[in-house]
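The values are calculated or read from the model by the stated rules, or taken from the named source; none is laboratory data. The structure presented is a predicted model; accordingly, all values stated were derived computationally and were not measured. Positions of Cβ are generated from backbone atoms using ideal geometry, with glycine treated the same way; all protein chains shown enter the neighbour counts. Just so you know, the surface numbers come from the protein's heavy atoms only, side chains and all, with ligands and any DNA or RNA stripped out. Shrake-Rupley method; radii C 1.70, N 1.55, O 1.52, S 1.80 Å.
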Amino acid sequence: MSYLESLRVFVRVVELGSITSGGRDLRLSPAVASNRIKDLENRFGVRLLNRTTRKLTPTEIGRAFYDNARRVIDTLDEAEALVSSFSGRPQGVIRLTAPLGLGRRLIAPLIPPFCKENPGVEFRLRLSDRNVNIVEDAIDLAFFLGEPADSALKWRKIADCPRVLVASPDYLSRHGAPKAPEDLVDHNCLLLRYPRSPEFYWVLQTDDGPQKMMVSGRFDTDDGDVLTTWALGGEGIANRPLYEVAADIKAGRLVEVLPQNRPLPAQFGALTPHRRLQDPKVRMFADFAVRELKKVFDR
């Protein structure tokens with residue numbers, strides 16, 4: 001078993017690019033993870049990783065070993081999934097990812113009740129508004145807002161998520177409310193951006209169909225909740241999912257801007273690598289999550 005555990009550590013260290021990150025992902029200290037790697041290198045008498053102060057990369061033989069070790073781990077996971085499908089008791093870890101705000105509000109609350117009914121399942125929930133490489137990061141299930149670009153992934157639509165433009169009453173009293181989409185060029189638009197993100201625009205609904213508006217502003221961030229905080233603070237206009245700001249609109253803390261030209265709704269759904277959907281615990285949680293989340297958007 002210790003050899004298999006060492007293989008798992010090695011695979012995650014290569015995928016995440018550091019011993020600390022690989023160990024943390026498996027709930028191991030950096031010292032334990034490092035010892036697992038040394039055990040493998042001592043076992044074979046070769047160096048598997050090149051280590052510098054800034055970077056960790058597999059050696060040539062380390063890369064070849066990784067490719068085969070990844071297949072071993074995948075085969076073992078598939079075998080365990082097959083057994084659990086017959087036993088009716090799902091076991092093991094599910095790795096999830098979701099955007100920050102959506103993950104906090106909608107996904108995280110689903111995990112405790114599912115685990116109560118399925119005590120053999122553990123979760124690793126990773127929240128980020130950045131694009132995540134689902135295959136490289138070994139994600140089992142990714143909740144996603146937008147249009148999935150990778151055709152190698154299985155897409156399961158949950159709902160259309162309405163979006164709105166919002167600003168605080170204070171901001172609008174100081175700068176005026178835009179009357180048409182073209183007026184946004186005169187406003188500080190609060191932007192969700194991340195390194196290497198494409199040129200920024202909002203697609204608004206108009207009488208002539210969807211219209212792409214190139215917008216700009218002094219503030220951008222890769223955390224959607226920060227955009228809402230800035231909007232509440234009177235700093236500009238934000239493009240947010242309606243479910244995230246509905247309470248603020250109802251309470252008068254935010255005002256919907258250009259309600260006749262709302263942004264196009266975002267598709268909300270779940271992405272799964274095809275082979276992992278066969279894992280009973282992943283399939284069970286996906287079915288459970290989709291069922292519960294549809295209730296939220298059907299209200």
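Brief remarks follow.
- Subset of region 257-271 that is of a type outside the set (A, V, I, L, M) and surrounded by 15 or more Cβ atoms within 10 Å (Cβ to Cβ) - its residue that is farthest from the chain's Cα centre (by Cα): Asn261
- Within region 224-242, restricting attention to residues that are part of a helix (DSSP H, G or I) and of a type in the set (S, T, N, Q), the residue that is least open to solvent (accessible area, probe 1.4 Å) is Thr228.
- One residue stands out in region 93-142 among those that are assigned to a strand (DSSP E or B) and among the small types (Gly, Ala, Ser): the one that is farthest from Arg156 (Cα to Cα), namely Ala98.
- Residue list for region 50-62, restricted to those being more than 18 Å from Asp137 (Cβ to Cβ) and open to solvent by 40 Å² or more (accessible area, probe 1.4 Å): Asn50, Arg51, Thr52, Thr53, Arg54, Lys55, Glu60, Ile61
- Number of residues in region 32-49 that are hydrophobic (A, V, I, L, M, F, W, C) and open to solvent by less than 30 Å² (accessible area, probe 1.4 Å) equals 5.
- Considered as a group, the residues in region 92-118 that are small (Gly, Ala, Ser) and closer than 21 Å to Leu192 by Cβ include one that is nearest to the chain's Cα centre (by Cα), and that residue is Ala98.
- Enumeration of residues in region 63-73 that are open to solvent by 50 Å² or more (accessible area, probe 1.4 Å) and among the charged types (D, E, K, R): Arg63, Asp67, Arg71
- Ala251 satisfies every condition listed in (1) without any contact (Cβ under 8 Å) to a residue 12 or more places away in the chain; (2) under 23 Å from Ala108 (Cβ atoms) except (2).
- Flag for Asp77 being open to solvent by 50 Å² or more (accessible area, probe 1.4 Å), touching a residue at least 40 places away in the same chain (Cβ under 8 Å), assigned to a helix (DSSP H, G or I) and closer than 28 Å to Pro90 by Cα: yes
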